[in-house]
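Inspection log for the structure reproduced underneath, given as structure tokens.
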Amino acid sequence: MSALATYSMLIGGKDVPACSGATFETQNPYTREVWATVPRGGPEDADRAVAAARAAFESDAWRGLTATKRGALLMRLADLIDREAVSLAKAEVRDNGKRLVEMQSQMNRLSGWYRYFGGLADKVEGRIPPHDNPDVLNLILHEPLGVVVCVTPWNSPLLLAAYKIAPALAAGCTVILKPSEYTSTSSLEFGRLFKEAGFPDGVVNIVTGFGNEIGARLVSHPDIAKVSFTGGEAGGLAVYQGAAGALHDVSLELGGKSPNIVFEDAEFENAINGVLGGIFAATGQTCVAGSRLLVQSSIADRFVSALAERVRDLVMGDPMDPATQVAPVATEAQFRKILDWIEFAKSDGATCVVGGQPREVESGALFIEPTILTGVTNDMRIAREEVFGPVLVVIPFDDEAEALRIANDTSYGLAAGLWTNDLTRAVRMTRKLRAGTVWVNTYRQVSFMSPFGGFGRSGIGRENGIAAVAEFMEPKCVWISTAQAVPRPF
Ligand code: NAD
């Protein structure tokens, strides 16, 4: 067996181990090979990272830069990302086991986030409100918040980090990134590019370890200003509570149980493709997975059998192989959870039309067959909770009102898909759907230009779009008197 690769954290521009010297192992989800060790950061490492980020925030090297120069650094970083897109994609696959074609397409788009927010850095303008008092000049300035802690999940580490880091740096904040303990190495590899782009030491720090160890200390640290979190509900709640003690600003991007709604007048093949991609891309391990198929009763049987036909043909295998269509589940915990959910659904009365079983492969990778469940009603557990795996439930509806009622009968509200050729229906439904993103005759489109986030249990706040920079800034109201004399107060 070859020697394990060893990784360091990036703190204050230096590559460092954990203060305790502790490490943990990281495993390739497809080969199941433990191939590297990563520092197991603890509270003392959190303190070091915050001190480095705070010092950088107050330094001339960073605060002294004009907004245009900050933007130029982000542009330079974007060029380096383009140069490294292939190796970053491979690093992501080694960490999370998703298909290379999928991660490559994400990495090809990644630089767009840094360019867009680099371009916005010097477009943040203040305001002068038109007060009645002629003897006053009132300026509204926008200042960076300070140190931002960015916490990311394992499914798309570098893309989701970009949603946070790019606008935070454009705003003039400094950053500490803590990736998931399952996917630490791609973020550590990425960290090198900040140095090469010329960011001053300490502006971006990358620490590794477990949520309840280094993570908990970071989010409750008194010297940070904001926590930007993407992950599951339990983690999100713990972070929210930890940050509340210090009254920190928090944004939470959490999970979903998104409806993908197909009407009888939809373009049949397009809807099939949209539903398949909506749930089975990334083996269902995406926050916006269209995990509830709501299909009009008149076409339900035909639609489900056409779907099942396509699902049976999907090729499972090595995520590095371009022929692979379904990659393994990323972690053992996730694998068990998905199988448990399938069993719960069956015991609640659901029927498995296709899939529902684990699939053994030589490497020992954890595969679950893409699964379609019928006989599901929206009050069953499988229709209410996020599975985060390749499991689609089918719920028929008769008319628009019923589709809307079922779609909105959820505590989440991240996304919704709508398939219809009736424009007026699309507009009516879109207005009433309670979801942060609604896709009509398409699914899964996201962009740095458009706000992303959810209603209800899907989270708090929005990422991306022009408004994202303001999420990392604080208004400062300045009053300047132009009066010759200050009136006597008494
Ligand atoms: P997770 O909540 O288990 O972990 C996410 C991150 O939070 C990890 O880095 C973890 O170490 C950290 N963490 C956990 N507890 C913490 C604590 N107390 N303090 C600080 N950090 C802590 O989530 P996961 O399993 O990695 O990711 C899957 C979840 O992420 C799914 O629910 C999915 O829907 C969600 N997700 C949401 C979006 C979105 O944009 N809305 C995008 C992708 C994934």
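The values are calculated or read from the model by the stated rules, or taken from the named source; none is laboratory data. Since this is a predicted model, take the numbers as computed values, not measurements. Cβ: placed from backbone, ideal geometry, glycine included. Neighbour counts: every protein chain shown. With ligands, DNA and RNA removed, areas are computed over all heavy atoms of the protein, side chains included. Shrake-Rupley method; radii C 1.70, N 1.55, O 1.52, S 1.80 Å.
Computed per residue of the chain from DSSP H runs no shorter than four, each worth -39500 (n - 2.57), the mean residue ellipticity at 222 nm is -12000 deg cm²/dmol. Across all C-alpha atoms in segment 340-406, the radius of gyration and Dmax reach 13.8, 49 Å. Taken over the C-alpha atoms, segment 171-288 has Rg and Dmax values of 18.8, 58 angstrom. Packing-based ranking of 322-335, 226-239 yields 226-239, 322-335, ordered from highest to lowest mean Cβ neighbour count within 10 Å.
Please state the relative contact order of segment 248-336 as a whole percent: Cα pairs under 8 Å, 6+ residues apart? Mind dumping the intermediate values first?
Working: 89 pairs, mean separation 25.1, N = 89.
Once normalised by length, the contact order is 28 percent.
Label sites at S298 and S59, each approximated as a point 7 angstrom past Cα along Cα to Cβ, lie 6.6 nm apart.
Residues of segment 273-388: accessible area per residue at 1.4 Å, in Å²?
Values: 4620 Å² over 116 residues.
That works out to 40 Å² per residue.
Per the Debye calculation on segment 86-186 with a single equal scatterer at every Cα and no solvent contribution, log₁₀ I(q)/I(0) for q = 0.13 Å⁻¹ amounts to -0.57. Distance between the 7 Å Cα→Cβ label points at S2 and D348: 4.5 nm. For segment 99-191, the solvent-accessible area works out to 31 Å² per residue, with a probe of 1.4 Å and every protein chain left in place.
The simple Förster model, with R0 at 56 Å and r as the Cβ-Cβ distance, assigns T424 and F210 a FRET efficiency of 0.65. When both segment 68-104 and segment 225-293 are represented by their alpha-carbon centers, they are found 23 Å apart. Taking a straight line from the alpha carbon of K195, these aspartates and glutamates sit under 12 Å away, with near neighbours fewer than eight places off in the same chain left out: D15. At q = 0.08, 0.11, 0.14 Å⁻¹, what is the base-10 log of I(q)/I(0) for the chain according to the Debye formula with one equal point scatterer per Cα and no solvent? Please give it to two decimals. So the normalised log intensities work out to -0.52, -0.92, -1.35. Counting only protein heavy atoms and a probe of 1.4 Å, the accessible surface of segment 51-168 is 54% carbon and sulfur. Under the criterion of Cα pairs below 8 Å and six or more residues apart, the relative contact order for the chain equals 18 percent.
Pulled fully out, how much extra length does the chain show between R336 and S20, if you take 0.36 nm times their separation in residues and subtract their Cα-Cα distance?
Details: separation 316, 0.36 × 316 = 113.76 nm, distance 3.22 nm.
Gain on extension, R336 to S20, equals 110.5 nm.
Ligands, DNA and RNA left out, the accessible area of segment 330-385 computed with a 1.4 Å probe is 48% carbon and sulfur.
Scanning the chain for long hydrophobic helices, with DSSP H runs required to stretch 15 angstrom or more by C-alpha along their axis and to average at least 1.0 on the Kyte-Doolittle scale, returns 157-171. Near P43: Cβ cut-off under 14 Å, other residues only, Lys/Arg at +1 and Asp/Glu at -1. The net charge is -1.
Defining a contact as two alpha carbons under 8 Å apart and six or more residues distant in sequence, what relative contact order in percent does segment 272-417 show? Could the numbers behind the result be given before it?
Working: 229 pairs, mean separation 43.9, N = 146.
Result for segment 272-417 is 30 percent.
So which GluC sites (Glu not before Pro) in segment 339-381 are both in a DSSP loop and have at most 14 other Cβ atoms within 10 Å of their Cβ? Counting only loop positions with at most 14 other Cβ atoms within 10 Å, the GluC sites (Glu not before Pro) in segment 339-381 are E360, E362. When peptides 209-216, 256-263, 10-17 are sorted by average Cβ neighbour count within 10 Å, with the highest value leading, the order is 256-263, 209-216, 10-17.
Approximating the spin labels as points 7 Å out from Cα along Cα→Cβ, the S363-to-L139 distance works out to 5.8 nm. Annotation: average projected area of segment 377-490 is 13.7 square nanometres, based on the convex hull of Cα atoms across all directions. Return, ordered by residue number, the residues of segment 164-184 whose backbone nitrogen is under 17 Å from a label point located 7 Å along Cα→Cβ of D223. Within reach of a label on D223: 173-177.
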